[in-house]
Amino acid sequence: QPSFQHYHFIERDPGRAAELRKLAPPPSAQIHVYESDANETLLTTILPQIEFPKYRRALVFVDPYTIDLDWRVTALAGSLKTVDMFINFMIVAANRNALLQNPDEITDAQRTRMNRVWGDDSWFKALYDDRQLSLFDEISATEKLPKANGLLANAYRQRLTQEAGFAYAAPPRPFKNRAGAELYYLFFASPNAAGYRVAKHLLEKPVVE
């Protein structure tokens, strides 16, 4: 309490969007379904409504198929000071674009994708400065990935507070497949301490199989 007044769902797939439109809204609430690109819809339609002077607040959960979340969305959400935000960061997709490669072999398209989700090219320095290149050269391939994943996760968490403008960002939780490979990191960022404490507690709880 107070309950949510609006539920916004963004889904590009027409069939899935049709299923979402069948949802029955809770009492005194409305459901809005957008069959569109999530980045553009959040930037132009949804987030601009969540203004501080209007006493509006929002909980945003972004679950991109790959690393398609535009940093402009993250930065806008942080600047509003009204948004609590969960972000599913697909580390397995980041691996395909940057983490497992020789930095000299990263293509322009892969750099562009990483820059888009990161907001600039500082991810490259976080992963590939001289010290880390030396470190990666000295360890096996099976050790390399977890170290790179952790470096990227910590750097992204810092960007949520230092660059996007969130006051708090909880330590992200890694989620793995049955083989133990990390698939994504779940981040939480918030403008207020209360939301941060609750989310941090949830992200630290052990997984029940």
Practice prompt. Would you be able to say whether some residue in the stretch 192-208 is assigned to a strand (DSSP E or B), at negative phi and exposed (fewer than 15 other Cβ atoms within 10 Å of the Cβ)?
Written response: no
Worksheet item: Can you pull out the residues in the stretch 175-191 that are not hydrophobic (A, V, I, L, M, F, W, C) and not in a loop (DSSP other than H, G, I, E, B)?
Response: K176, E182, Y184, Y185, S190
Worksheet entry | Hits in the stretch 11-31 (condition: open to solvent by less than 100 Å² (accessible area, probe 1.4 Å) and assigned to a loop (DSSP other than H, G, I, E, B)) | E11, D13, L23, A24, P25, P26, A29
Discussion item. Restricting to the stretch 74-96, name every residue that is part of a helix (DSSP H, G or I), surrounded by fewer than 22 Cβ atoms within 10 Å (Cβ to Cβ) and among the β-branched types (V, I, T).
Written reply: V92
Worksheet entry | Of all residues in the stretch 32-54 being within 20 Å of A75 (Cα to Cα) and part of a loop (DSSP other than H, G, I, E, B), the one that is farthest from the chain's Cα centre (by Cα) | E51
Worksheet item: So which pairs qualify, if the first residue must be in the stretch 6-17 and among the hydrophobic types (A, V, I, L, M, F, W, C) and at pLDDT 95 or above, the second must be surrounded by 14 or more Cβ atoms within 10 Å (Cβ to Cβ) and outside any strand (DSSP E or B), the Cβ gap must be under 6 Å, and the two must be at least 6 apart or on different chains?
Response: F9/L20; I10/A38; I10/T41; A17/E11; A17/E35
Worksheet item: Which of the residues that make up the stretch 146-179 are charged (D, E, K, R), open to solvent by 60 Å² or more (accessible area, probe 1.4 Å) and in contact with a Gly (Cβ under 8 Å, 6 or more places away or on another chain)?
Response: E163
Fill in: Pair list, Cβ under 7 Å, 6 or more apart: the stretch 79-106 residue more than 14 Å from I67 (Cα to Cα), other residue surrounded by fewer than 16 Cβ atoms within 10 Å (Cβ to Cβ) and modelled with pLDDT of 95 or more
D84/L59; F86/F61
Item to complete: Could you please tell me which pairs satisfy a Cβ distance under 6 Å, a separation of 6+ or placement on different chains, a first residue in the stretch 114-143 that is at pLDDT 50 or above, and a second residue that is exposed (fewer than 15 other Cβ atoms within 10 Å of the Cβ)?
Response: N115/D121; Y128/P103
Fill in: Whichever residue in the stretch 32-56 is modelled with pLDDT under 95 and either more than 26 Å from R116 (Cα to Cα) or touching a His at 6+ places or on another chain (Cβ under 9 Å) (or both) and, among such residues, is most open to solvent (accessible area, probe 1.4 Å)
Y55
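The values are calculated or read from the model by the stated rules, or taken from the named source; none is laboratory data. Quick caveat, the model's predicted, so the values are computed rather than measured. For neighbour counting, all protein chains shown are included, and Cβ atoms are generated from backbone atoms with ideal geometry for every residue, glycine included. We work out accessible area using only protein heavy atoms, side chains counted, and drop any ligands, DNA or RNA first. Shrake-Rupley method; radii C 1.70, N 1.55, O 1.52, S 1.80 Å.
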